[in-house]
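The values are calculated or read from the model by the stated rules, or taken from the named source; none is laboratory data. What you see is a predicted model, and the numbers here were worked out from it, not measured in a lab. Positions of Cβ are backbone-derived with ideal geometry, glycine not excepted, and every protein chain shown enters the neighbour counts. Note: areas computed on protein heavy atoms with side chains; ligands, DNA, RNA excluded. Shrake-Rupley method; radii C 1.70, N 1.55, O 1.52, S 1.80 Å.
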Amino acid sequence: MGEASDGCDSHAVQVEKQSHWPELETLLLVVSDHQKDTSSTSGMQTSVETSQLLKYRAQHLVPALICKMEKAITERNFHTFAKLTMQDSNQFHAVCQDTYPPIFYLNDTSKQIIQLVTRLNAFFVEPKVAYTFDAGPNAVLFLQKEDVPLVLSLVCHFFPPPPATRDSFIRGRSTWTSTVPLQKALLDTLHLAPHQSGLQFLIHTTVGSGPKLLSDEHRLLNDEGQPFKVTS
């Protein structure tokens, strides 16, 4: 965390190597790929100017949260990692609603995803999956590799695609053959109604290496930010 008022001296620092937690994987649930009513940049600026909750969060909550999250990642403690991830996401969207005028990034499908994750974790009496939402309705689910088939199957069950887009619905490391039969007891306990077309598609992926600094010979844009012309 930096000290400059414009944030220019605030930089992200990698906690562990990419290979540190190989069991950690993600499902990206794309609810909408449309342009948002309020952009991330303008929304954050308005929150900085009007939200008292944001000020309190930055001063009193975030420093301790970062320490706890770093410890959870270092120890590969999924229980703590999942809880902190969801609480932080909830706080972010509470700040959005505390902003004046309020900002609403989550939609009904987003809220149904939160319900699904919350009830699933309660069924197993421990976190099996964690949700997080940034400035938009799309969800990122963190889970461990062994739980991917179950969670993937539940997402497909409660957010089934229309037949026309079924083949392209699951993307990335999984396919429809990765899904498993679901127990009636679990479905009855979750007590959610399927919402067809709630998701456009989902992507199964792993934790990536993050951004890398490439040499000039590998760059795709020129000094004006335009793509280089490709010659055959």
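Before moving on, here are some points about what is shown:
- The residues of the range 162-171 that are closer than 15 Å to Leu28 by Cβ and open to solvent by less than 60 Å² (accessible area, probe 1.4 Å), listed by number, are Ser168, Phe169, Ile170.
- Contacts under 8 angstrom Cβ, first residue in the range 151-163 being farther than 11 Å from Leu120 by Cβ, partner in a helix (DSSP H, G or I) and open to solvent by 30 Å² or more (accessible area, probe 1.4 Å), 6 or more apart: Leu152/Ser178; Cys156/Trp176; His157/Leu187; Phe159/Gln112
- The set of residues in the range 45-76 that are in a loop (DSSP other than H, G, I, E, B) and farther than 13 Å from Ala94 by Cα comprises Glu75, Arg76.
- The range 17-44, residues that are in a helix (DSSP H, G or I), among the polar types (S, T, N, Q) and at pLDDT 90 or above: Ser19
- Only residues that are surrounded by 10 or more Cβ atoms within 10 Å (Cβ to Cβ), farther than 23 Å from Val155 by Cα and of a type in the set (S, T, N, Q) were counted in the range 192-231, giving 1.
- Count of the range 131-187 residues, restricted to those that are hydroxyl-bearing (Ser, Thr, Tyr), closer than 14 Å to Leu116 by Cα and in contact with a strand residue (DSSP E or B) (Cβ under 7 Å, 6 or more places away or on another chain), is 2.
- Selected residue [touching a helix residue (DSSP H, G or I) at 6+ places or on another chain (Cβ under 7 Å), open to solvent by 40 Å² or more (accessible area, probe 1.4 Å), within 30 Å of Arg57 (Cα to Cα) and among the charged types (D, E, K, R)] from Asp134, Asp98, Asp108: Asp98
- Pick from the range 1-32, criterion free of Cβ contacts under 8 Å to residues at least 40 places away in the same chain and charged (D, E, K, R), ranking: most open to solvent (accessible area, probe 1.4 Å): Glu3
- Scanning the range 119-142 for residues that are touching a residue at least 60 places away in the same chain (Cβ under 8 Å) and over 20 Å from Phe92 (Cβ atoms) turns up Arg119, Leu120, Phe123.
- One residue from Val117, Val148, Val95 being part of a helix (DSSP H, G or I), of a type in the set (A, V, I, L, M, F, W, C), more than 24 Å from Thr189 (Cβ to Cβ) and at pLDDT 95 or above: Val95
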